[in-house]
Each structure stands twice: as structure tokens, then as C-alpha cells.
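This report concerns only the one structure given below.
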Amino acid sequence: RDVTRLQPRDRDVAMVFQSYALYPHMTIAENIGYPLWIRKVDAAARARKIAEVAQALEIDPLLDRHPRQLSGGQRQRVALARAIVRDPAAFLMDEPLSNLDARLRLSMRGEIKRLCHRLGATTIYVTHDQAEALTMADLIAVMRQGELQQLATPSDIYDRPANRFVALFVGNPPMNVLKADVDEAGVHIAGATLPLDAARRGACMQSGIAELGIRPEDISLAEVGRPGTLHGEVYVVEPMGNETL
């Protein structure tokens, strides 16, 4: 349904802003219920709906407070509650977690994903955080300077990137891209020759590839001088607890 020419109030789309955009002079209950008040929903139905949404987002003890008395995470929940309260046809979320600290962002990511599944409404979520995109999305649209680079599932974006930009942009640490040359012997890369099966070798020779991309997790340490190995130097090790980069 094309709503481009309709007034914003007639589009049935709810927006969650990066800066929360709560009304400072209103209580939390009034903030959440404002979209219903605008639509002239009667007071009893409005109070019931506010209580229901506040309970779902675990902010029901905060309803009598004002936004300035809340933490960033609590304000974000209020902004979500205000969007949810009127059961819109679609949600637009503009980097809603970027103002939160890392720990809170992680927990809110799970909350929003659970909420989206429960509500079943289409949600368009803008983010620069690829972890958010990969963990939350059913479909990811990778944009570059206003142009769509790829639209696919998270696993397709990661395993089968459409171009060099997507390959380097998605993944942390990023993909390694090295100059490569392919002939009947295999792929020649960084002074070594790696074997390639006939089908891949033929496809690579036909398309005239000049570079090879390797994900960091697909590289392992090997004996010096073993056939099909690349030489390199480990110059920094980053212990992360559950893994070491």
C-alpha cells in the first residue's frame, strides 16, 4: 500500500527515534498513551492499553515518572511502548540502540527481536551495527551512498556477498582480500599456490578473478613448509574470553 501522498497520521506507521523524542513535560503514562489520545480513544480503554504495553516492556513501575528521571534504557523502552500501543501496520526504527552502552544494547537487542516476533508487524530497522543486523533481521538490505548493494538473508549476506563492498563491510574482524591469479595449477596467492577443484577453477578462470577473499575464521595455523600454506606474521593477539583474535 503506497502511503507516500498520505498525511503522516493516516499512514499507520509508528516511528522509534534514535533520540527517543519523548515529551519532557508528560509523565511516562501520558507519553505512551499520547497516540491513543490523539485518536480520541476513551480514557478507560487508553489506561488499559497503556498498562498492558508497559507490563510487556517491564516499565509499569515507571508510569508516574517523567523522562528526565529515567535511564537511557528505560527511555528507549518507553519510546518502544509509545510506538507499539496503537498496533500500527509497520514500525520504522532509526538506530534505536545507538545511545545505549554496550551491555544494555545487547539486552535491548534481544527484547526488540522478541517483541517483533510477538507482534508480527513488519519492522524496518536502520543500523550501522552489523551485529544488530545479522542477529535481528529476517532480511538485510546493505546500502552504500544511497544505493542498494544486496538484499538477502543474514546467512547469504555473510556467506555469499554480492560484491567487494559487502564482503568487506560485513564480518568482524573483516574479510581478508588478497591479490590472486588462477590457472590450471590452482590459485596463486601471496607467493603460494592453493589447490582448487575443477568446477571452481574453471569458474574463476572464466570470470578472470583478480582477488580472493578469506574469512578470518577459515584460516588456521599450519606447519612451516606444508603445501598450500601462506606465510605470515602474528603481530598482535587479542584475548576476548570466549575466543582469541
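The values are calculated or read from the model by the stated rules, or taken from the named source; none is laboratory data. Remember, it's a predicted structure, so these values are computed and weren't measured experimentally. Please note: Cβ atoms are built from the backbone with ideal geometry, for glycine as well, and neighbour counts cover all protein chains shown. Keep in mind that these areas ignore ligands, DNA and RNA; they rest on the heavy atoms of the full protein, side chains included. Shrake-Rupley method; radii C 1.70, N 1.55, O 1.52, S 1.80 Å.
The distance separating the Cα centre of the range 19-63 from that of the range 87-134 comes to 20 Å. With the alpha-carbon atoms of the range 1-135 aligned to their principal axes, the span from lowest to highest coordinate is 42, 39, 25 Å, starting with the largest. Electrostatic tally near T153: other residues with Cβ closer than 13 Å to its Cβ, Lys and Arg +1, Asp and Glu -1, net -2. The convex hull around the C-alpha trace of the range 32-97, projected and averaged over every direction, spans 4.8 square nanometres. Cross-link partners of K40 among lysines, defined as those whose alpha carbon lies under 18 angstrom from its own and excluding same-chain residues fewer than eight positions apart: K49.
Using a cut-off of 14 Å between beta-carbons, work out the net charge of the residues near K49 (Lys and Arg +1, Asp and Glu -1, K49 not included). Summing Lys and Arg as +1 and Asp and Glu as -1 gives +1. If I take all pairs of Cα atoms in the range 61-117, what percentage of them are more than 13 Å from each other? Considering the range 61-117, 64 percent of its Cα-Cα pairs are separated by more than 13 Å. For the range 91-205, the fraction of C-alpha pairs farther apart than 17 angstrom is 65 percent. When you restrict to C-alpha pairs under 8 Å that are six or more residues apart and normalise by the size of the range 1-91, the relative contact order lands at 47 percent. The listed peptides 6-19, 222-235, 88-101, ordered by packing as a protection proxy, come out as 88-101, 6-19, 222-235 (highest mean of other Cβ atoms within 10 Å first). Element breakdown for the chain at a 1.4 angstrom probe: carbon and sulfur atoms account for 53% of the accessible area. The mean sequence separation of alpha-carbon pairs under 8 Å and at least six residues apart, normalised by the residue count of the range 115-245, gives a relative contact order of 15 percent.
Mean projected area of the Cα convex hull of the chain, taken over all directions, amounts to 18.7 nm². In the range 148-191, if every C-alpha pair distance is counted and binned at 5 Å from zero, what percent goes to each bin? In order of increasing distance, the bins hold 5, 19, 24, 16, 16, 13, 6, 1 percent. Taking every alpha-carbon pair under 8 Å whose residues sit at least 6 apart, the chain reaches a relative contact order of 13 percent.
What the chain shows is 65 Å² of accessible area per residue, with the surface traced by a 1.4 Å probe over protein heavy atoms.
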